[in-house]
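Novice: To start, I am sharing the structure in question, which I have written as structure tokens.
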Amino acid sequence: YSTTEEMKSLIDLSVEGIEIKVSETQEGLETAAASIQLNKEKIEQKVSVGDVSAQLSLENGIVTIEGNRAVITSDNFSINKAGEAAVTGKFITKNESMELTSIQQSAGMRILHQESELGRLESGSAGDVKGIGIGTQKVMVFHNGNNIGYIYNPNGLMSQYEQRHIFAGNTFFAGDIACGGTKNRAVRTKNYGTVGMNAMESTGAFFFDIGAGVVGEEGICYIMTEAIFQETIEEEHDYYIFITGTSGKECKCTQKEKEYFVVKGEVGATFDWMICAKQKGYSLLRMEVLEVPNDAVIDNEDMVSVDDLADDRLEKEAFEYLKEYEMEIYSL
């Protein structure tokens, strides 16, 4: 067989600048070329094979890098040819804001540790509100410019009431909490699975304590209230005592003081007691009217339990929500 190979080299010196160029052409192959151009305004380096090229340009105040792929390797910053970037320091912008734009549908930023996802940042929406999402693959919290927060579960049902959210660890809220459903604790049992134990609801903000006692030889029993409990309740408002006899003998509360209350009755009478007092700072609170945003409907009549829905409806609603979510992300 035969091949045709042509190699060229060029050095051009002039008052305007210097150009150095080397190229190689083989029959049936793309031309490979490298060049350096130098003048008083800039230095330009270029390497190419056919349509694939890389170029570095240096001029006053500007460094330009162009190429099909860019690779940067250093101790504190690197980019590989797959477009993956690694930074050991912080991203800092000198402007008031940073803009992140994606042309790929459903794209976002993921935080990984040893190939395992710890969290993610995505743009999207919840209901009719578009915003930014911060969270994990299981739970996303969306927020827009109007301080409206939403929670979105990409692996479960997407409708407003038929989704479930799980928080691992302690959760603290600085403000009030309102919900349209029940407030309960999930308790695992030996024979009945996990059951919901509901919180005691009242018309006002109260604290409760309970205990038991027995009437002494003098027909009297003093129940001391703990100092810690006293500091959590309103001192200017009276508290309530509920006595339940447990021995068939007569007994009742006859006196209430700040540090204790008195139960009198037959000698040996046993009883259970409960104290109910106004929470400090909330003595006037009683069934206040809540200001609920228009897009956060919490009427009990509108709520549907996931267990009451057929599997085909669950799959249909989840698919429709996912389709709408992807379209909204693409249009952002």
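Novice: So is residue 192 modelled with pLDDT of 90 or more, farther than 30 Å from residue 259 by Cα and open to solvent by 100 Å² or more (accessible area, probe 1.4 Å) or not?
Specialist: yes
Novice: Then there is this: Being part of a loop (DSSP other than H, G, I, E, B) and not β-branched (Val, Ile, Thr) is the filter here; which residues of segment 68-84 pass it?
Specialist: 68, 69, 70, 74, 75, 76, 80, 81, 82, 83, 84
Novice: Can you work out which of the residues in segment 29-57 that are part of a loop (DSSP other than H, G, I, E, B) and open to solvent by 80 Å² or more (accessible area, probe 1.4 Å) is nearest to residue 13 (Cα to Cα)?
Specialist: Looking at the filtered set, the residue picked out is 40.
Novice: Could you check, for segment 261-271, whether at least one of its residues is at pLDDT 95 or above, open to solvent by 80 Å² or more (accessible area, probe 1.4 Å) and part of a loop (DSSP other than H, G, I, E, B)?
Specialist: Yes: segment 261-271 contains one or more residues that are at pLDDT 95 or above, open to solvent by 80 Å² or more (accessible area, probe 1.4 Å) and part of a loop (DSSP other than H, G, I, E, B).
Novice: So is residue 241 more than 30 Å from residue 288 (Cα to Cα) and either of a type in the set (A, V, I, L, M) or loosely packed, with under 10 Cβ neighbours inside 10 Å (or both) or not?
Specialist: no
Novice: Sticking with this one: Kindly indicate whether residue 18 is modelled with pLDDT of 80 or more and of a type in the set (A, V, I, L, M, F, W, C).
Specialist: yes
Novice: Go through (1) part of a strand (DSSP E or B); (2) open to solvent by 40 Å² or more (accessible area, probe 1.4 Å) one by one and return the number of the condition residue 213 breaks.
Specialist: In the conditions (1) part of a strand (DSSP E or B); (2) open to solvent by 40 Å² or more (accessible area, probe 1.4 Å), residue 213 misses (2) alone.
Novice: Give me the residue from segment 59-97 that is surrounded by 10 or more Cβ atoms within 10 Å (Cβ to Cβ) and of a type in the set (Val, Ile, Thr) and, out of that set, farthest from residue 41 (Cα to Cα).
Specialist: It comes out as 87.
Novice: Quick one: which residue in 205, 186 is within 32 Å of the chain's Cα centre (by Cα), at pLDDT below 95, more than 27 Å from residue 265 (Cβ to Cβ) and surrounded by 14 or more Cβ atoms within 10 Å (Cβ to Cβ)?
Specialist: After applying the criteria, what remains is 205.
The values are calculated or read from the model by the stated rules, or taken from the named source; none is laboratory data. As the structure is a prediction and not an experimental result, all values here were calculated from the model. Neighbour counts run over all protein chains shown; Cβ positions are idealised from the backbone, glycine included. Quick note on the areas: whole protein, heavy atoms, side chains included, nothing else; ligands and nucleic acids left out. Shrake-Rupley method; radii C 1.70, N 1.55, O 1.52, S 1.80 Å.
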